[in-house]
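Shown next, in structure tokens, is the structure this report addresses.
What follows draws every value from the coordinates through simple rules; no lab data is involved. Every value quoted in this text rests on a predicted model; they were computed, and no experiment measured them. Because the Cβ atoms are built from the backbone with ideal geometry, glycine has one as well, and the counts that use them run over all protein chains shown.
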Amino acid sequence: MIDMAFLSVIRRWALRDKLSIREIARRTGLSRNTIRKYLRSGDVTPKFRIPERRSKLDPFAEKLSGWLLREARKPRKQRKTVKLLYKDLSALGYGGSYERVAAFARSWRADRLRDEQSIGRGVFVPLAFAPGEAFQFDWSENCALIGGVRTKLQVAHIKLAHSRAFLLRAYLLQTHEMLFDAHWHGFRVFGGVPGRGIYDNMKTAVDKVLVGKDR
């Protein structure tokens, strides 16, 4: 069952604020398919216009979604309870009830669980990242004229998973030395080292390339 406050926030982001489905998925931590389902649930237009009732939670919905996503990544014993999140929201000026926050959290967790259970069944689940949590690295191949000679280049791509800021650096070879050099330059430009790296089974970064669900 869809929590109406949650649905109201998602519809307002899409229809009034003109946010893309991808951006709404990033803010909430839910899949694009789930966001589309929420938007389709409001396709039927009533015969008489009904004024939209804003929930007191609406201005805090993005903040609460981010907190829920952050807590979901922690070990279970380290997670804040919904009551503690409610107190944190109240400290920021939220004047609504605890029950509304709890209903929002239940809806968010139910959709998150459905998204996780959909992995491997042909449904794409987007990843949402906190600032500094992760970076993505991969290689591509390109060509350039160097001294009048068409030369094949190996291009290192290093990208911050949250902000999508990226750096490209070209090399003549794709070796471990070049891999380390690209990382060094990337972290120097970004001003720090994220918590973890995401690689796509590159020969220079993994010991063994697996297949199927084990990749």
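In this structure the amide hydrogen of Thr151, modeled in the peptide plane, comes within under 5 Å of the amide hydrogens of Ala144, Leu145, Ile146, none closer than 5 places in sequence on its chain. Computed 3J(HN,Hα) for the stretch 67-78, one whole-Hz value per residue from the Karplus formula 6.51 cos²θ - 1.76 cosθ + 1.60 where θ = phi - 60°, is 5, 4, 5, 4, 5, 5, 8, 7, x, 3, 5, 9, glycine and proline marked x. Starting from the Cα of Lys152, step 7 Å toward the Cβ, then list every residue of the stretch 162-202 with an amide N under 13 Å from that point. What the label zone holds, given the 13 Å backbone N cut-off, is 172-174.
Compute the FRET efficiency between Arg16 and Tyr98 as 1/(1 + (r/R0)^6), taking r as their Cβ-Cβ distance and R0 = 25 Å, and round to the nearest 0.05. With R0 = 25 Å, the Cβ-Cβ based efficiency is 0.35. Across the cross-link table entries Lys18/Lys159; Lys18/Lys83; Lys56/Lys159; Lys18/Lys77; Lys56/Lys80; Lys37/Lys87, which are compared at the Cα atoms, the separations over 28 Å belong to Lys18/Lys83; Lys56/Lys159; Lys18/Lys77; Lys37/Lys87. For Phe180 and Arg36, the FRET efficiency from 1/(1 + (r/R0)^6), where r spans their Cβ atoms and R0 equals 41 Å, is about 0.50.
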